[in-house]
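What follows is a set of notes on a single structure, which appears directly below.
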Amino acid sequence: MGIFDSAPRVFFVATTLRLVLLVYGSWQDANSAVKYTDIDYMVFTDAARYVSKGQTPYARDTYRYTPLLAWMLLPTAWESSVLWSSLTFAFGKILFALADVLAGWLVVQLLTRCYRFPSERALRYVAAVWLWNPMVANISTRGSSEGLLGVLVAGLLWATLTKRATLAGLILGLAVHFKIYPFIYGVSILWWWDAERDGAAPATNLDVVSRVLRFITPSRVKLTLSALATFIILNFIMYTQYGVPFLQHTFLHHVTRIDHRHNFSPYATLLYLVAAGNTEFHFETLAFLPQLLLVVVALPLVLAKKNLATSMLAQTFAFVTFNKVCTSQYFLWYLILLPFYLPSSELIRKPTLGLTAAALWVIGQALWLQQGYYLEFLGLSSFVPGLFLASLFFFAVNIWILGIIVRDGGESLNTEIQDKTE
Amino acid sequence: MKRRITYIQRSDAGFDPEQAVVTPKSLTIRNLVAAREDRLTFELNDLSSELRDLLHKSKDVHVRWATEESFDAVPPFASRVSPGLHVLHTPLDADQSSETFCSWLGAAFGRNENEEALDCSQHENTFIESPHRTTDSHAATSLQYHTQLPSLKPFISNIKRAICGPHTTESAQCIAVADSLSTADVVDVDYDGTSNTLVLSGFWANGPTGGWSEEIHKPTQKSDKVEFGLLGAEPGIGADEVKVGGLLAVVGEDKKLKPTMFSFPSRHHVLPQSASYAISFSEPTGLHPTMSITIPRSSLNRPSAPDDTTCSLHTYLTLPSSIFGDQYQLGTSDSLFLQSHNLAGLRAHSGETDLEAPDWAVKGWGSNWLFELATPTDDDLASQSSNWTSTIPLHLRYLHPSDTGYRPVHVPWPVVFWACSSEYEEESIGINPFDRTHLGYDSLFSPRTFFYQLHPQSEHLVEKLDAPVLNLGDGQGFFQTHNIELGTSIVISLGFFWVLWQLARVAWSSGLGANNTAQQVEVHDKKD
């Protein structure tokens, strides 16, 4: 009898893995000048300390998050004895790690209840991609908040597929407040949630007016209103608490940012030239066009009704690939959605294709990282052609994989089966 | 105008009375081997109206310039600053922009031979708030500026124009003094609004080959005065004191040189020549250069400071905006991190510390950092013979693209010193005719602090790093700005249309709705 027969066993291993990493992390922090804890976590905890003193979290440079995060981490600012303080310091990491495990649990629930996966198969996929993935466990136990996004996206999908429109809207509003990019899922979900989905008989030969009226369903209205209300209320509260710095650091920063240091984005070299005032065409001002056209129009329109999870994965993939800034933390964003897509994917059905895609992706990363190493550590001027070509190659690989995801999404049978418990 | 010329001879240097001859109208020096300070005090009326107006808007102005070449500090002129031009300015009105002052500064110190204008003229906010002790919050906000400045040539011609005035015997002397600054190791300019005087002084650690020779004339105007001193210095009786002895004269008044001997408490002291340090950057420097401060263990003994003081080793960094420290990384209290770098902690910093901004988005000239360095334990000192090295991790900003793919970043050597502070905070150090303050770091310590400077161990006191930047290839080659723009847009457009094409194929074959529902039922049935 295998370990995947039992959900408690899989979750026990996942939790133990995180616990071991947490303990190891605090040991390394206490005994080595090279810290296990992520720099970002120091930013969060510094911000939490400011909040605990009644100050604004934005007093900490590079705190670019919702104050919610600093509030959640308030226990890390508690003054206490040495033993307790290492525990309170880890509070946020424990929270992120728990969020990880909860995200995994939600995905397993969805796979078994809505996708009719046998429990063993669901556990196997979720363990491989998420729960037992050392990268995921490492990131959350080092104290990166990206793990929270995982649970929010998993929760959003869970609430949607189990037809809890108000809850889905609430999670969506919260997720967008947290990290902006999840707004793209709103489009998919709205398009997916048509009247048939709520049990209406398929309608034929409708005139334009009826079509429009039929588009407005109670679920869609509930979802939209609840998402907007959550988003607006949260922002209103934060704005009244912290004013313009909140808006500047959480949202506007992404529009006005000037720190175009080298990253995986195909735009990186161009943006360096633009920022230094060397260019003439200003193509980059149109960069949002291909990104948004694909992510909020074309992909949801074609794919959402065929396979919501795959559509969301394709959106995330396209959003990251076409973004003006791309760092490795962004790759986590689509990891949580892979267990829905991979089992029926061409990448698994044709191992050669799957392995080729994985190999090319890794080669793309490796080539870029090699050039990045030359620049960052050896001080060689590898911006052109090195980093420039490496980022374009990586972009091409991502586009090719995105094409496969789109084809797979198009061939999907409607596998999201309504939860019988509804 | 008042002038004071001081020669400081080493104890081993010989002196023959023939070398300094006094006449009723002048004093003549011949082949004198000594260090020299020349100090001119101007009443505001002596200055050009332009300069006067500018000074009237200031509470005080302190300019400190030091050469990039190494020189010996000679007591009582023992203090040091990093090479380059340092300016400390307190405007009369705190809200007043530093623009006028800044553009004057740009004009006064002007372009050097390398045609690099002082950055000052480009930005209104290039001055940064000078660091101050956290304990004295009442200190007036003074603004601070630094730039690399290898040569004072433009400054010298500006002095001639703004101060020396029209051609007279007087101005001939003034011009000679100004010209002599071209070989000075240290130049200070001090304006203090309360005394309403402007003091210009130069210091030469060594004379020209064959020693100093000059004829100092009696001033033509009654109000003017020229004082002359030929002195030698040695440690005084008190540990904080310096004792000087030698000959003094007021030129044109005294018939002969008068012997003298006096001692005074000194803020700055010179350590033995063996107490030295060297600055280097470990190769390859990459985008994250690490500055190493290497000190022979033998020179790490506590200086012979007064017993009521506690001493600790410090370094004060003056970094241009292109290189910076991470205040959160360096300001940590984590003992493991500090130990691994042989640091005791970051004690003060000011200026541009944005962690992400490229250099062109940074307005201020750069930043200052005061670190306390860790020192080895006594056992360790005795048993080990290797050098003691403290390291400071720093980061480079993105710089403008260039035709070679690299741009130089010039980092002046920091000063390294023991600071010995007394617990009696309020007590100040007594009167010293050769005192020097406003060095940037001195105000970060309690008033009764003695500084013991380590000797920089190099000919040239500026490190040059090659910062990698985007290579524009001098207009040659394929990867030109134009082609990068075009290439990026073509690749992204192709990617976009490829995905769109894949989507179109899906939509063409199976529409926008859900796929075959019969299959769905099938799945249902299977399960059931």
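The values are calculated or read from the model by the stated rules, or taken from the named source; none is laboratory data. Predicted model, so just to flag it, every value in this text is computed and none were measured. With ideal geometry, Cβ positions are generated from the backbone for all residues, glycine too; neighbour counts draw on all protein chains shown. Remember, those area values only see protein heavy atoms, side chains included, never the ligands or the DNA or RNA. Shrake-Rupley method; radii C 1.70, N 1.55, O 1.52, S 1.80 Å.
Using a 1.4 angstrom probe on the protein heavy atoms only, line up B:478, B:262 by accessible area, largest first. Numbers along the way, then the final one.
Details: B:478 135, B:262 65 Å².
So, going from the largest accessible area down, we get B:478, B:262.
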Inset, instruction - Would you pull out the residues with amide H under 5 Å of residue B:226's amide H, same chain only if 5 or more places away, H placed 1.01 Å from N? - result: B:3, B:251
Legend entry - Degrees, to the nearest 10: B:481-510 long Cα axis against longest axis of chain B: 20 degrees
Inset, instruction - Identify which of A:176, A:108, A:302 has the largest mean-square fluctuation in a Gaussian network model of chain A, with springs joining Cα atoms closer than 10 Å. - result: A:302
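How big is the convex hull of the Cα atoms of segment B:1-85, per residue, in Å³?
Working: hull volume 13.1 nm³, N = 85.
Output value, Cα hull per residue: 154 Å³.
If each DSSP helix of 4+ residues adds -39,500 (n - 2.57) and the sum is divided by the residues in chain B, what number results at 222 nm, nearest 500 deg cm²/dmol? Write out the running numbers ahead of the final one.
On the way: 9 runs with 95 residues, N = 528.
After summing the helix terms and dividing by residue count, I get -5500 deg cm²/dmol.
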Inset, instruction - May I ask you to derive the relative contact order of segment B:276-468, considering only C-alpha pairs under 8 Å and at least 6 residues apart, and to give it as an integer percent? - result: 31 percent
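Could you tell me which of rounded, prolate or oblate describes segment A:219-349, using a ≥ b ≥ c as the square roots of the eigenvalues of the alpha-carbon gyration tensor, with rounded for a/c under 1.5 and, failing that, prolate when a/b is larger than b/c and oblate otherwise?
Oblate shape, in that a/c is at least 1.5 and b/c is the bigger or equal ratio.
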Inset, instruction - Would you tell me the accessible area of residue A:115, worked out with a 1.4 angstrom probe on the heavy atoms of the protein chains, in Å² to the nearest 10? - result: 20 Å²
Inset, instruction - In whole Hz, with x marking every Gly and Pro, tabulate ³J(HN,Hα) for segment A:260-269 from phi via Karplus 6.51 cos²θ - 1.76 cosθ + 1.60, θ = phi - 60°. - result: 7, 6, 4, 8, 5, 5, x, 7, 3, 5
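Give me the percent of the accessible area of segment B:238-387 that comes from carbon and sulfur atoms, probe 1.4 Å, all protein chains in place.
Working: 2920 of 6210 Å².
Here it works out to 47 percent.
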Inset, instruction - Apply the Debye scattering formula to segment B:276-468, with a single equal point scatterer on each alpha-carbon and no solvent, then give log10 I(q)/I(0) at q = 0.13, 0.17 Å⁻¹. - result: -0.75, -1.20
Legend entry - Solvent-accessible surface ranking, highest first, for B:261, B:291 at 1.4 angstrom: B:261, B:291
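Which of rounded, prolate, oblate describes the protein assembly as shown, given a ≥ b ≥ c as roots of the alpha-carbon gyration tensor eigenvalues and a/c under 1.5 marking rounded, otherwise prolate only if a/b is larger than b/c? Intermediate values should be presented prior to the final figure.
Numbers: a/c = 2.92, a/b = 2.40, b/c = 1.22.
Verdict is prolate for the protein assembly as shown.
Add +1 for every Lys or Arg and -1 for every Asp or Glu among the other residues with Cβ under 10 Å from the Cβ of residue B:316, and state the total.
Taking every Cβ under 10 Å from that of residue B:316, the sum is +1.
In the calculated pair distance distribution of chain A, what percentage of Cα-Cα distances lie above 36 Å?
On the way: 26185 of 88831 pairs.
Counting pairs separated by more than 36 Å, the tail of P(r) holds 29 percent.
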Inset, instruction - Pop the C-beta distance of residue A:301 and residue A:16 into the FRET formula with R0 = 60 Å and round what comes out to the nearest 0.05. - result: 0.85
Legend entry - Point-charge dipole on Cβ atoms (K/R +1, D/E -1) for segment B:276-468, about Cα centre, debye to 20: 440 debye
Legend entry - Rounded tilt (10° steps) of B:99-109 against the dominant C-alpha axis of chain B: 60 degrees
Inset, instruction - Could you pull the accessible area for residue A:116 with a 1.4 Å probe, rounded to 10 Å²? - result: 50 Å²
Legend entry - Relative frequency of Cα-Cα separations exceeding 29 Å in chain B, percent: 60 percent
Inset, instruction - Go ahead and set up a Gaussian network model of chain A, Cα springs under 10 Å, then flag whichever of A:400, A:132, A:192 fluctuates most. - result: A:400
Inset, instruction - From largest accessible area down, sort B:297, A:214, A:124; use a 1.4 Å probe on the protein chains. - result: A:124, A:214, B:297
Inset, instruction - Could you tell me which of B:276, B:355, B:406 has its Cα farthest along the dipole of segment B:276-468 towards the positive end, charges placed at Cβ (Lys, Arg +1; Asp, Glu -1), taken about the Cα centre? - result: B:406
Inset, instruction - Please find the FRET efficiency linking residue A:216 to residue A:256, where r is the Cβ-Cβ separation and R0 is fixed at 56 Å, and quote it to the nearest 0.05. - result: 0.95
Inset, instruction - Give me the distance between the Cα centres of segment A:145-201 and segment B:30-78, rounded to whole Å. - result: 71 Å
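For segment A:55-128, what is the relative contact order in percent, using Cα pairs closer than 8 Å and at least 6 residues apart in sequence? Kindly include the intermediate steps, with their values, before the conclusion.
Working: 33 pairs, mean separation 12.8, N = 74.
Reported as a whole number, the value is 17 percent.
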Legend entry - Proximal lysines relative to residue B:2, as straight alpha-carbon distance under 29 Å, when same-chain residues fewer than 8 apart are discounted: B:25, B:57, B:59, B:153, B:160, B:218, B:222, B:225, B:243, B:255, B:256, B:258
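Grab the other residues whose beta carbon is less than 15 angstrom from that of residue A:67, score K and R as +1, D and E as -1, and report the net.
Numbers: positive: A:49, A:53, A:60, A:64, A:179; negative: A:46.
Value of the local net charge: +4.
Please compute the average number of Cβ atoms from other chains found within 10 Å of each residue's Cβ in peptide B:350-358. Can you show the working numbers first?
Numbers: counts 0, 0, 0, 1, 4, 4, 7, 3, 7.
That average works out to 3.
Within 15 Å, Cβ to Cβ, of residue B:271, how many net charges do the neighbouring residues add up to if Lys/Arg are +1 and Asp/Glu are -1?
Numbers: positive: B:80, B:267, B:297, B:302; negative: B:72, B:234, B:240.
After counting each charged neighbour, the total is +1.
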Legend entry - In Å², nearest 10: area of residue A:232 left accessible to a 1.4 Å probe: 100 Å²
Legend entry - Acute angle (nearest 10 degrees) that the helix B:517-527 long axis makes with the longest principal axis of chain B, alpha-carbon atoms: 90 degrees
